[in-house]
Amino acid sequence: MQIRIYPERCNGCGECVEICPCDVFRLDSGTGRAEAKYEVDCWYCGACEMDCPTRAIEVKLPYLVA
Ligand code: SF4
Ligand code: SF4
């Protein structure tokens, strides 16, 4: 898992859904929170991590993941 979302911090604002150039995120219809549904499409630009207002997203670069 290279994109981590801390559910307790996510307020469901949808900013990550809007900003991701690779269309990785969806809001879960049950919880209302973000999920990295298409994580495989991520190109690690870091925009979601920087723009999430509650710092709920952590992106790990693949070459730094153990
Ligand atoms: S930008 Fe952050 S708070 Fe907003 S939906 Fe995405 S993960 Fe949740
Ligand atoms: S790092 Fe960039 S491409 Fe990857 S999920 Fe975040 S906004 Fe999308």
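Is it true that some residue in region 25-36 is at pLDDT 95 or above, touching a strand residue (DSSP E or B) at 6+ places or on another chain (Cβ under 8 Å) and of a type in the set (Val, Ile, Thr)? No, because not a single residue in region 25-36 is at pLDDT 95 or above, touching a strand residue (DSSP E or B) at 6+ places or on another chain (Cβ under 8 Å) and of a type in the set (Val, Ile, Thr).
For residue 63, the conditions (1) in contact (Cβ under 8 Å) with a residue 12 or more places away in the chain; (2) out of contact with any helix residue (DSSP H, G or I) (no Cβ under 7 Å at 6 or more places or on another chain) all hold with the exception of (1).
Candidates in region 22-41 are the residues that are touching a helix residue (DSSP H, G or I) at 6+ places or on another chain (Cβ under 9 Å) and surrounded by 13 or more Cβ atoms within 10 Å (Cβ to Cβ); of these, the one that is farthest from residue 2 (Cα to Cα) is 27.
Here residue 4 clears all of (1) part of a strand (DSSP E or B); (2) near ligand 1 (Cβ under 9 Å from one of its atoms) except the condition numbered (2). The single condition among (1) within 9 Å of ligand 1 (Cβ to nearest atom); (2) in contact (Cβ under 8 Å) with a residue 40 or more places away in the chain; (3) out of contact with any Asp or Glu (no Cβ under 6 Å at 6 or more places or on another chain) that residue 57 does not satisfy is (3). Determine, yes or no, whether residue 16 is surrounded by 14 or more Cβ atoms within 10 Å (Cβ to Cβ) and within 6 Å of ligand 1 (Cβ to nearest atom). For residue 16, the condition - surrounded by 14 or more Cβ atoms within 10 Å (Cβ to Cβ) and within 6 Å of ligand 1 (Cβ to nearest atom) - is met.
Quick grid of which residues meet (1) away from ligand 1 (no atom under 13 Å from the Cβ); (2) free of Cβ contacts under 8 Å to residues at least 60 places away in the same chain; (3) at negative phi:
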{"residue": "8", "(1), (2), (3)": "no, yes, yes"}
{"residue": "11", "(1), (2), (3)": "no, yes, yes"}
{"residue": "25", "(1), (2), (3)": "no, yes, yes"}
{"residue": "30", "(1), (2), (3)": "yes, yes, yes"}
{"residue": "41", "(1), (2), (3)": "yes, yes, yes"}
{"residue": "44", "(1), (2), (3)": "yes, yes, no"}
{"residue": "53", "(1), (2), (3)": "no, yes, yes"}
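Among what's in region 47-66 and is modelled with pLDDT under 95 and part of a loop (DSSP other than H, G, I, E, B), pick the residue that is farthest from residue 10 (Cα to Cα). Looking at residues that are modelled with pLDDT under 95 and part of a loop (DSSP other than H, G, I, E, B), I get 66.
The values are calculated or read from the model by the stated rules, or taken from the named source; none is laboratory data. Bear in mind that the values here come from a model prediction, so they are computed numbers and not experimental data. No Cβ is skipped: glycine too gets one built from the backbone with ideal geometry, and neighbour counts run over all protein chains shown.
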